[in-house]
Amino acid sequence: MKYFDAHDHLQNYRSKTGTAVELKLAAETGVEYMLCNGTSPGDWAAVLALAAEHKGVIPCFGLHPWFIKEGAPGWLEVLEGFLARVPSCVGEIGLDGSQNATDPARQKAIFTAQLRLAKKLGRPACVHCVKAWGGMMETIKEEKPGPFMFHSYGGPAEMMAEFSSLGAYFSFSGAIMDKKREKLRRALMAAPADRLLFETEAPDADAPGWRGGPAGIAAVIKAAAGIMGKPAEELAALSLANGKKFTEHIGG
Ligand SMILES: [Zn+2]
């Protein structure tokens, strides 16, 4: 089987050797490529270097809502410089109503500026959204971005049809393994087949007691297969094809 890991943060492994071990394992497992997401100006160079060193690592550059304080004057121009240098996506960007929620107006301004940059450059965007679904819908409707994905989707199943009509893909993480996340499992069942993606969020994972590295995408897809009653082979092929469509216009 061949796999696509729609979202990870390889730059967060503690050592270069650690990253290399994880990537070797991923290659042996059949992970064809992955989206490695930067989160603030401080890690964009590391993401760029990882992508240059490892085939199959697609870099994404963005200012994450948790790190808006790290957006020093001129950060948006620096971001555009990184995006212009290599085929890449904009991410990780978004809205978060649970952490760093003290300044929702600034969060929205920063998110909006990056959605506009993605649109200007014709790049897809990787979006984080936690406890901010109303504001997210409003922003997406106002900005009408190109293709974007919700990474580790955790929103209501009921919003998915409208989001997908606005260009959304839905990526599911190891959190689906948590039997208590009934609402999340319903969302997985409701995802349109042509917008379905899976991710590991490596080196972190939001599944209790599970941590997989990018090779762990096989376990995430196996869990999804169990919930959806579909063969894992079918979901791996489907999400790989969807990933190729999502990254069709990343430049280069
Ligand atoms: Zn992330």
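Some values worked out for this structure:
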| item | result |
| --- | --- |
| Selection count where residues are away from the ligand (no atom under 16 Å from the Cβ) and either open to solvent by less than 20 Å² (accessible area, probe 1.4 Å) or within 16 Å of the chain's Cα centre (by Cα) (or both), scope segment 158-172 | 5 |
| Breaking point among (1) under 27 Å from Lys244 (Cβ atoms); (2) surrounded by fewer than 21 Cβ atoms within 10 Å (Cβ to Cβ); (3) within 18 Å of the chain's Cα centre (by Cα); (4) not β-branched (Val, Ile, Thr), for Lys144 | (3) |
| Extreme residue, farthest from the ligand (Cβ to nearest atom), among residues of segment 106-141 that are within 21 Å of Lys245 (Cβ to Cβ) and β-branched (Val, Ile, Thr) | Ile140 |
| Flag if Pro59 is part of a loop (DSSP other than H, G, I, E, B) and not acidic (Asp, Glu) | no |
| Residue among Gly251, Gly243, Gly216, Gly146 that alone is assigned to a helix (DSSP H, G or I) and within 22 Å of Arg123 (Cβ to Cβ) | Gly243 |
| Of all residues making up segment 158-187, the number that are of a type in the set (A, V, I, L, M, F, W, C) and within 24 Å of Thr112 (Cα to Cα) | 8 |
| Single condition Thr200 does not satisfy, out of (1) surrounded by fewer than 16 Cβ atoms within 10 Å (Cβ to Cβ); (2) out of contact with any Phe, Trp or Tyr (no Cβ under 7 Å at 6 or more places or on another chain); (3) assigned to a loop (DSSP other than H, G, I, E, B) | (1) |
| Residue, farthest from Met34 (Cα to Cα), within segment 197-223, restricted to residues that are modelled with pLDDT under 90 and within 11 Å of the ligand (Cβ to nearest atom) | Asp206 |
| Per-region count, segment 69-84, residues loosely packed, with under 14 Cβ neighbours inside 10 Å, assigned to a helix (DSSP H, G or I) and either basic (Lys, Arg) or at pLDDT below 95 (or both) | 1 |
| Some residue of segment 16-35 being touching a Cys at 6+ places or on another chain (Cβ under 7 Å) and free of Cβ contacts under 8 Å to residues at least 40 places away in the same chain | no |
| Selection from segment 57-68 of residues that are away from the ligand (no atom under 12 Å from the Cβ) and at pLDDT 95 or above | Val57, Ile58, Pro59, Phe61, Leu63 |
| Members of segment 30-53 that are in contact with a Phe, Trp or Tyr (Cβ under 7 Å, 6 or more places away or on another chain), more than 16 Å from the ligand (Cβ to nearest atom) and open to solvent by 10 Å² or more (accessible area, probe 1.4 Å) | Val31, Glu32, Tyr33, Pro41, Leu48 |
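Residues checked against (1) over 26 Å from Met34 (Cβ atoms); (2) in contact with a helix residue (DSSP H, G or I) (Cβ under 7 Å, 6 or more places away or on another chain); (3) part of a loop (DSSP other than H, G, I, E, B):
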| site | (1), (2), (3) |
| --- | --- |
| Ala105 | yes, no, no |
| Lys141 | yes, no, no |
| Tyr153 | no, yes, yes |
| Ser164 | no, yes, no |
| Arg186 | yes, yes, no |
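The values are calculated or read from the model by the stated rules, or taken from the named source; none is laboratory data. These figures come from a predicted structure and were not determined experimentally. Note: ideal-geometry Cβ built from the backbone for every residue, glycine included; neighbour counts use all protein chains shown. In case anyone asks, the SASA skips ligands and DNA or RNA and just uses the protein heavy atoms, side chains included. Shrake-Rupley method; radii C 1.70, N 1.55, O 1.52, S 1.80 Å.
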